[in-house]
1. Please work out which one of (1) in contact (Cβ under 8 Å) with a residue 40 or more places away in the chain; (2) surrounded by 17 or more Cβ atoms within 10 Å (Cβ to Cβ); (3) over 14 Å from the mean Cα position of the chain (by Cα) is the condition B:Ser61 fails and give its number.
2. Specify which of the listed residues (A:Val179, A:Val167) is within 22 Å of A:Leu73 (Cβ to Cβ) and among the β-branched types (Val, Ile, Thr).
3. Which condition breaks for A:Thr63 when tested against (1) modelled with pLDDT under 90; (2) under 17 Å from A:Trp249 (Cα atoms)?
4. In contact with a Lys or Arg (Cβ under 8 Å, 6 or more places away or on another chain) and of a type outside the set (Lys, Arg): does that describe B:Leu174?
5. Would you check which residues across segment B:105-119 are facing chain A (nearest Cβ under 8 Å) and in a helix (DSSP H, G or I) and list them?
6. Determine which member of the set A:Glu68, A:Glu90 is closer than 17 Å to A:Asp251 by Cβ and modelled with pLDDT under 90.
7. Checking the conditions here, which among B:Thr36, B:Thr48, B:Thr29 is within 18 Å of B:Asp224 (Cα to Cα), within 10 Å of another protein chain (Cβ to nearest Cβ) and at pLDDT 90 or above?
8. For segment A:362-407, how many residues are within 14 Å of another protein chain (Cβ to nearest Cβ) and without any contact (Cβ under 8 Å) to a residue 60 or more places away in the chain?
Amino acid sequence: MIQILKLAFRNLGRNRRRSFFSALAMGVALALLLLMASTIQGEMNDAIELAIRLQSGHLQVRTATYDEAKTSLKWEDLIENPGQVAAQIEAIGPVAVATPRLYASGFVTTREESAGVRVVGIDPLSDANAPYRDGMQEGSFLTPDDREGLLIGRALANRLELSTGDVVNLSVNTSGGEVDEQAFTVRGIYSTGSSGYDGLTVFLPLAKAQALTGADQRASAVFVMLEDTAETDAVIAALQAPGYQVLTWRDLNELLVQTEQLSASYMVFFYLIVLGIAATVIVNTQIMSVYERTREIGILSAIGMRGRQLMVIFLTESALLAVGGILLGLLIGGVVVAYLSRYGIPLAIEQFGITGMLFRDRIYTLLTVRDTVNLTLMSFVVTLLAGLYPAVLASRMEPVAALRAEK
Amino acid sequence: MEVAKVENVTRVYAVGKVETHALRGVNLTIESGEFTALVGPSGSGKTTLLQLLGCLDRPTSGRVYISGKDVSQLNRDQRADMRRGTIGFIFQFFALIPTLTAYENIEMPLLLNGHTAGERHARITELLEAVGLGDRGASRPDQLSGGQQQRVAIARALASKPSLILADEPTANLDTPNGQQVMETMTRLNKETGVTFVFATHDPRVIGYARRVVTLRDGLVAEDKTVGKKP
C-alpha cells in the first residue's frame, strides 16, 4: 500500500500545476460549503435566539381562548391577575424570569407620517427586558409609573424621523373593539440588532398599556424565560392548568423552526451541486491522466498488475487529490468563516420582506463540528466517486491496446 | 522441457469490416533455455506471436500453452496472474515507469508477487549488478541512457525469476554499442541463469546472437533453424 501511495503521489507530482488546481477546485467547493453551512447555521441560531429573547420567550402562558393572530384584547381572552400567575411561574426551578405582557396592535402618527406598530405592555422592572434595556441608544428606559412615555426602536425612529423627546400620537385597539388615541413622548430609542423587530415594536409600561386598551389588570400572556432552552419541555408539565395554554418557543416560532428543518434538507442539494461541479474537474483531470499514461498502464499490466490493482492506483490518486483539496478547503473555508463569525455579513433583511421571522442585521457564521465533519466526508466521498470512472477505465484497458498507445 | 507452445494459432484483427490475418495457423514449441529470434519483415506476425506467448492477447483460434498450461481462454486477470509469475517482458520502447527509480522499477514485479522487503532488496541489488548498473539504482529513467534504461528493463523482466522472457525489438531504439551491450547482457543472463529468451527482431546483428531463428512470413512459420547449441 505504501508503494501504491508513493506511486500515486509521484504521478500527481508529474503535472503539479494541474494537480494543484484540481485539488483547489475541490478545496474551493468545500470552502463554499463550509461557508454556506455556517451561514445557515449562524443565521438560524441567531434567529431562534433572537426570537426567543425578543418575541416569544422560551414559553408563554395564555388563556385557552387567546388567539394570537387577532391580538385579542377581550377580557375573557386575557389572563386575570397576571402578576400573581407570573410570580407562581417564577417560583419553578428552571424558570429564570416570568413577566406579564400585554399585546395590542396600533399605529404611531407624527405630523408627517404614520406607521403600523405592535404595542407591547411590559413590566419595566423585569429582567426579561434586558435585550431592550441593553440596546438603549438614546434617552432612558421606561419606569412603571410613566403614563406618557413610550419606547420605540431605531428602525421606526429613522423611518418617522423621531428622536427622544418628540411627541407622537399612538392609536391602539381596545378591549371594547374601538380605537383609542393618546399623545406620548418618546422616552428612548432602543436597538435589538433586528431592524425587522425594531421597526415594528413600541413599548409602554404595562399599567399604561392596560389602561389605554381597557384591559384593566389583565395581560395577554406571561412571558417566561428559562435558565436553559433545553429545559423547555421539562417545564411545560409544571405549567399546565385548566383554562390556560402553554406555548413553547417552537410553537411560537413555527415558521422559523420549519425553515431550519427544511434548510437542512434542501441544503444537501446545494452541497451536491457544488461538489458535482468540483467533481467534474477531478474526473477530467483523472481521465486526462489515464489517457496520458495509457502505455504505462500497459506496462504495469504486462508485468502482472491486475485490473483491480490498477484501479486502486488511480483511486489512490483521487484520494490524495481529495485530501489536498480538503486541506485547502478547510484552510480557505476556516479563514473566511472565522472572519465572518467575528465581523458578520451585512443583511438588509427588511428589504427581503420576510415576515414572521426575526433576523439580525448581520449574519454571524457558526461552523459546527458536525457540519465540518459531514461536509469533509462528503467532499472526500464525492471525489472518490468522481475518480471511480477514470479508475475503471484504466482497469479495463487491454494490455495490447495500451502498449500500442503513443507515449 | 517445454516452456511455451502454440498450436494452429490464428489471430485476426477486425477494423471495421476489414479483417487482418496477423497469424494464420502457427505451430511452435519453445524449450527451456532457448535463445530464440523471431524474424521476418514488418507485418509478418512477430509481435502478435510474442503477445500471444506473453498472454497479453488471446488467439482467435488455436491453443497457447505456457509451462504446459492452456492459456488461450484465460480472462484478463488470469492472464495477468500468469504473466506475473512466469513471463518477463522487454519492449522496443524503454518501458520503464518514469516516476519510479531504476530500483523501484525492478521492485514492481517483486511487490506484485508479494516478496518481503528483504527479499526484494537482495534480488534488486543482485539484478542491478547483473546488468552492470549497480550504482544507478537511485536514478530515474530520464537520468539514464537508452541502453541503461533497456538494461533496467531486462533486470525488471528477470526480477520474478520467470521461465520465459519475451523481447520485442529490444535494440530497435538503441545505437550500435548500446544495442550490443543489451544483447550481450541478455546472452549472458541466458547462459548464467538458463532463463528462456524469445525476441523479435529484423536486425541482422541481433539475429546473430540467436541460437534458434524462427522466420515468420505472412502469419506463418516459414523457416525454423537452429544455429547454435544450448548453453
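The values are calculated or read from the model by the stated rules, or taken from the named source; none is laboratory data. Note that the structure is a prediction, hence the values are computed from the model and not measured. Methodologically, a virtual Cβ is constructed for each residue, glycine included, from the backbone with ideal geometry; neighbour enumeration extends over all protein chains shown.
1. The number of the failed condition is (2).
2. On the way: A:Val167 fails: within 22 Å of A:Leu73 (Cβ to Cβ).
Selected residue: A:Val179, the only one of A:Val179, A:Val167 that is within 22 Å of A:Leu73 (Cβ to Cβ) and among the β-branched types (Val, Ile, Thr).
3. For A:Thr63, the failing item is (1).
4. On the way: in contact with a Lys or Arg (Cβ under 8 Å, 6 or more places away or on another chain): no; of a type outside the set (Lys, Arg): yes.
For B:Leu174, the condition - in contact with a Lys or Arg (Cβ under 8 Å, 6 or more places away or on another chain) and of a type outside the set (Lys, Arg) - is not met.
5. As a first pass, look at segment B:105-119 and keep what is facing chain A (nearest Cβ under 8 Å): B:107-109, B:111-113.
If the condition is that a residue be facing chain A (nearest Cβ under 8 Å) and in a helix (DSSP H, G or I), then B:Glu107, B:Met108, B:Pro109, B:Leu111, B:Leu112 are the ones that fit.
6. On the way: A:Glu90 fails: closer than 17 Å to A:Asp251 by Cβ.
Just one listed residue meets the conditions, A:Glu68.
7. Values: B:Thr36 fails: within 10 Å of another protein chain (Cβ to nearest Cβ); B:Thr29 fails: within 10 Å of another protein chain (Cβ to nearest Cβ).
Going through B:Thr36, B:Thr48, B:Thr29 in turn, just one is within 18 Å of B:Asp224 (Cα to Cα), within 10 Å of another protein chain (Cβ to nearest Cβ) and at pLDDT 90 or above: B:Thr48.
8. The qualifying residues number 1.
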